[in-house]
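So the structure is just underneath, and the comments pick up after that.
The values are calculated or read from the model by the stated rules, or taken from the named source; none is laboratory data. None of these values were measured; they are calculated from a predicted model. Positions of Cβ are generated from backbone atoms using ideal geometry, with glycine treated the same way; all protein chains shown enter the neighbour counts.
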Protein chains: 2
Amino acid sequence: MKLATLKNGSRDGRLVIVSRDLAHAVDAAGIAPTLQAALDHWSRCERALHTLADALEAGTARGAFAFDPAQAMAPLPRAHQFVDASAFLNHGDIMERAFNLTVKRPAGVPILVQRQADDFRGPCDDYPFPSEADHCDYEGEFGVIVDDIAAGSTAAVCARAIRLVVLLNDVSMRRFVVPELQMGFGFINAKPATTFAPVAVTPDELGPAWRDGRVDLDLRVLRNGELVGHPNGAEMDWGFGELLAHLAYNRDLRAGTVLGSGTVSNRRAEQVGSACLAEVRALETIAQGQPATPWLRFGERMRFEALDAQGRSVFGAIDQRFVAKEAA
Amino acid sequence: MKLATLKNGSRDGRLVIVSRDLAHAVDAAGIAPTLQAALDHWSRCERALHTLADALEAGTARGAFAFDPAQAMAPLPRAHQFVDASAFLNHGDIMERAFNLTVKRPAGVPILVQRQADDFRGPCDDYPFPSEADHCDYEGEFGVIVDDIAAGSTAAVCARAIRLVVLLNDVSMRRFVVPELQMGFGFINAKPATTFAPVAVTPDELGPAWRDGRVDLDLRVLRNGELVGHPNGAEMDWGFGELLAHLAYNRDLRAGTVLGSGTVSNRRAEQVGSACLAEVRALETIAQGQPATPWLRFGERMRFEALDAQGRSVFGAIDQRFVAKEAA
């Protein structure tokens with residue numbers, strides 16, 4: 001089942017079901033007005049949503065219409081918790097090697113960072129930022145949205161609470177990353193609003209590409225139409241279930257919590273490319289002594305997409321332009 | 001105006017208006033079903049809420065009933081963003097002196113940390129935690145809840161968007177604090193769910209105690225009925241407006257964002273005491289070479305309250321028992 005949220009002037013938009021080929025949609029308001037409402041009562045809504053999705057797939061859903069990703073908000077336009085991992089250790093290793101950094105990470109402990117969830121951006125919305133001197137970067141990631149998880153749950157229990165899989169661009173302003181990491185309290189100005197692909201999918205939609213709590217799909221990253229990377233999500237050093245269990249050690253996680261994988265990064269980065277400029281520039285620094293690829297400039301366009309084995313877009317595409325924010 | 005959220009079996013509870021003396025309440029569902037709904041449409045709801053509050057104060061509100069804080073959830077049982085500051089530099093100075101720590105803070109930059117907002121706890125609910133070896137601590141704080149704030153807003157504009165003032169206990173598991181700060185990505189296991197006093201108040205309710213975006217009230221902290229500290233909120237090194245402006249540098253803040261002050265801490269800590277055990281133990285370490293006051297044990301009770309100049313409770317009290325979480 002595939003779900004999206006369309007703009008309707010409200011903060012949470014309206015929930016629709018999207019066909020597998022992303023061509024059509026049907027309003028799901030009769031079941032739940034918003035995706036958060038569906039997640040709040042998933043066990044009550046799930047069957048009705050699936051029935052409607054089946055009807056849409058069979059061409060029998062009344063009121064079906066053409067799905068326009070430009071009208072989509074983030075699947076959850078706002079959530080109550082957004083945690084981002086850095087679960088591809090390869091990425092951290094590259095950054096540490098290039099810039100002589102050291103993350104003091106206790107053995108076995110994953111990197112997780114609490115992030116704001118109040119203002120997720122839609123896949124085709126322009127992304128304004130105040131200054132190119134802030135070193136604007138993208139990070140292509142997979143993520144999950146979960147049901148309620150009780151404190152102390154095992155990784156297996158957590159994995160079973162994963163309701164949806166998403167694709168996101170964790171926009172980063174690199175000028176602030178190192179100073180904010182050195183303070184120790186995580187990201188504030190380094191990580192403004194996050195953008196999501198239009199469609200959230202239930203794990204079963206991924207078929208064999210959903211494996212060990214990981215997304216075994218290439219994440220295609222295009223800068224101004226040119227493919228600059230297509231790393232695969234299967235190399236995560238922790239599965240989403242394990243990351244959730246760490247998070248839930250001493251507290252309940254509530255329905256609608258979004259957990260990102262961290263920038264997708266592969267050990268064959270020289271062959272498959274990277275999902276963020278920081279990694280590209282770090283590899284350039286290791287190879288050539290200095291970075292060559294520039295940060296994002298105003299007017300550039302970024303596209304993120306994942307295709308299934310048949311070449312069909314799974315989540316739809318993030319396709320957004322980065323623009324200057326006019327002074328307030 | 002004073003607002004609270006009562007338990008009704010739903011995740012967001014039901015919004016009520018509470019009388020100034022906290023004795024009575026009246027349902028506000030006719031105006032907004034939940035506090036988040038009121039904040040989502042504050043300009044539309046504010047006048048009607050004030051009118052109902054005036055009627056409650058005058059004894060003419062229909063359906064008024066006795067207000068029972070034990071039935072209260074947090075004013076916002078869940079929010080879309082919770083940021084905690086550490087805006088009393090005195091606290092950080094004490095911690096750094098006692099334990100030879102250094103926070104690498106760029107000049108003028110406040111400490112802010114993104115936190116989870118999915119599961120705020122009510123004022124009288126038991127607080128379960130898994131192990132006394134995690135070094136359970138409290139942090140008494142003031143906080144604010146804001147309306148929409150556009151990216152790039154000045155501190156003055158941000159201050160005018162403050163809709164409500166709250167009192168909270170930022171529960172902390174100290175065993176994880178230093179390792180998580182050293183990783184750099186903020187708090188995960190160090191900061192489980194946060195508890196709020198039952199009543200959120202509009203800034204005008206504080207009268208002259210709301211000054212320069214700060215709360216000039218003593219925060220009374222009682223451990224098992226004994227007053228252990230009463231530091232004042234006016235010593236914040238940044239006002240809430242300034243903290244919000246830092247946060248909003250490159251992104252919009254959406255209605256319902258909660259911002260905490262950080263543990264209230266005064267330069268006369270030896271006289272007025274502290275709002276957290278970490279600071280008590282740090283002062284003991286500085287004075288005597290080692291800490292003497294123990295961390296919280298299962299079964300202990302903590303109370304947090306702020307009284308106005310006439311000795312009346314402003315926000316109601318957090319009055320909670322810390323208990324063992326049974327193994328899952």
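Conditions (1) surrounded by fewer than 15 Cβ atoms within 10 Å (Cβ to Cβ); (2) in contact (Cβ under 8 Å) with a residue 24 or more places away in the chain; (3) of a type in the set (S, T, N, Q); (4) in contact with an Asp or Glu (Cβ under 6 Å, 6 or more places away or on another chain), marked per residue:
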| position | (1), (2), (3), (4) |
| --- | --- |
| B:Glu226 | yes, no, no, no |
| B:Met236 | no, yes, no, no |
| B:Asn266 | no, yes, yes, yes |
| B:Pro294 | yes, no, no, no |
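Residues in the stretch B:256-266 that are of a type outside the set (Gly, Ala, Ser) and facing another protein chain (nearest Cβ under 8 Å): 1 in all. B:Val221 - would you say it is at negative phi, assigned to a strand (DSSP E or B) and crowded, with 24+ Cβ neighbours inside 10 Å? It is true that B:Val221 is at negative phi, assigned to a strand (DSSP E or B) and crowded, with 24+ Cβ neighbours inside 10 Å.
Of note, A:Cys158 satisfies the criterion of being over 18 Å from the mean Cα position of the chain (by Cα) and surrounded by 24 or more Cβ atoms within 10 Å (Cβ to Cβ).
Looking at A:Cys45, is it within 14 Å of chain B (Cβ to nearest Cβ), buried (at least 16 other Cβ atoms within 10 Å of the Cβ) and more than 16 Å from the chain's Cα centre (by Cα)? I'd like the intermediate steps shown before the answer.
Values: within 14 Å of chain B (Cβ to nearest Cβ): no; buried (at least 16 other Cβ atoms within 10 Å of the Cβ): yes; more than 16 Å from the chain's Cα centre (by Cα): yes.
For A:Cys45, the condition - within 14 Å of chain B (Cβ to nearest Cβ), buried (at least 16 other Cβ atoms within 10 Å of the Cβ) and more than 16 Å from the chain's Cα centre (by Cα) - is not met.
Out of all the residues in the stretch B:110-133, is one or more away from every other protein chain (no Cβ under 12 Å), surrounded by fewer than 18 Cβ atoms within 10 Å (Cβ to Cβ), part of a loop (DSSP other than H, G, I, E, B) and at pLDDT below 95? No, every residue in the stretch B:110-133 fails to be away from every other protein chain (no Cβ under 12 Å), surrounded by fewer than 18 Cβ atoms within 10 Å (Cβ to Cβ), part of a loop (DSSP other than H, G, I, E, B) and at pLDDT below 95.
Restricted to the stretch A:194-212, and to residues there that are of a type in the set (Gly, Ala, Ser) and either surrounded by 21 or more Cβ atoms within 10 Å (Cβ to Cβ) or touching a Cys at 6+ places or on another chain (Cβ under 7 Å) (or both), the residue that is nearest to A:Leu164 (Cα to Cα) is A:Ala200. As for the stretch A:194-212, it holds at least one residue that is within 14 Å of chain B (Cβ to nearest Cβ), within 14 Å of the chain's Cα centre (by Cα) and either at pLDDT 95 or above or part of a loop (DSSP other than H, G, I, E, B) (or both).
Being under 26 Å from B:Ala70 (Cβ atoms) and out of contact with any strand residue (DSSP E or B) (no Cβ under 9 Å at 6 or more places or on another chain) narrows it down to one residue among B:Gly311, B:Gly299, B:Gly289; which is it? Quick ask: steps written out before the conclusion?
Details: B:Gly299 fails: out of contact with any strand residue (DSSP E or B) (no Cβ under 9 Å at 6 or more places or on another chain); B:Gly289 fails: under 26 Å from B:Ala70 (Cβ atoms).
B:Gly311 is the lone residue from the list that is under 26 Å from B:Ala70 (Cβ atoms) and out of contact with any strand residue (DSSP E or B) (no Cβ under 9 Å at 6 or more places or on another chain).
Looking across the stretch A:58-86, the residues that are in contact with a His (Cβ under 9 Å, 6 or more places away or on another chain) and either free of Cβ contacts under 8 Å to residues at least 24 places away in the same chain or more than 14 Å from chain B (Cβ to nearest Cβ) (or both) come down to A:Gly59, A:Ala61, A:Ala64, A:Phe65, A:Ala66, A:Phe67.
Only one of the numbered conditions (1) within 14 Å of another protein chain (Cβ to nearest Cβ); (2) in a loop (DSSP other than H, G, I, E, B) is not met by A:Glu96, and that is (2). The set of residues in the stretch A:144-175 being more than 9 Å from chain B (Cβ to nearest Cβ) and closer than 30 Å to B:Pro106 by Cβ consists of A:Leu168, A:Asn169, A:Asp170, A:Val171, A:Ser172, A:Arg174, A:Arg175. When the stretch A:184-217 is filtered for residues that are hydrophobic (A, V, I, L, M, F, W, C) and in contact (Cβ under 8 Å) with a residue 24 or more places away in the chain, the ones remaining, listed by number, are A:Phe187, A:Ala193, A:Phe196, A:Ala197, A:Val199, A:Ala200, A:Val201, A:Leu206, A:Ala209, A:Trp210, A:Val215, A:Leu217. Of all residues in the stretch B:1-25, which are more than 13 Å from B:Pro77 (Cβ to Cβ) and touching a residue at least 60 places away in the same chain (Cβ under 8 Å)? Of everything in the stretch B:1-25, those that are more than 13 Å from B:Pro77 (Cβ to Cβ) and touching a residue at least 60 places away in the same chain (Cβ under 8 Å) turn out to be B:Met1, B:Lys2, B:Val18, B:Arg20, B:Asp21, B:Leu22.
Any idea which residue in the stretch B:56-94 is surrounded by the most Cβ atoms within 10 Å (Cβ to Cβ), counting only those that are farther than 30 Å from B:Gly9 by Cα and under 21 Å from the mean Cα position of the chain (by Cα)? Give the steps one after another, and end with the answer.
To start, the set of residues in the stretch B:56-94 that are farther than 30 Å from B:Gly9 by Cα comprises B:58, B:85-94.
Now narrow it down to the ones that are under 21 Å from the mean Cα position of the chain (by Cα): B:85-92.
On the way: B:Ala85: 26, B:Ser86: 25, B:Ala87: 29, B:Phe88: 26, B:Leu89: 19, B:Asn90: 20, B:His91: 27, B:Gly92: 21.
Applying the filter and picking the extreme gives B:Ala87.
Take the stretch A:221-255 and flag every residue that is out of contact with any Cys (no Cβ under 7 Å at 6 or more places or on another chain), within 14 Å of chain B (Cβ to nearest Cβ) and not basic (Lys, Arg).
Matches in the stretch A:221-255: A:Trp238, A:Glu242, A:Leu243, A:His246, A:Leu247, A:Tyr249, A:Asn250, A:Asp252, A:Leu253, A:Ala255.
The residue that is nearest to the other protein chains (Cβ to nearest Cβ), counting only those in the stretch A:9-25 that are buried (at least 19 other Cβ atoms within 10 Å of the Cβ) and not in a loop (DSSP other than H, G, I, E, B), is A:Arg14. In the set (1) surrounded by fewer than 18 Cβ atoms within 10 Å (Cβ to Cβ); (2) over 30 Å from A:Asp12 (Cβ atoms), B:Tyr249 fails one condition alone, (2).
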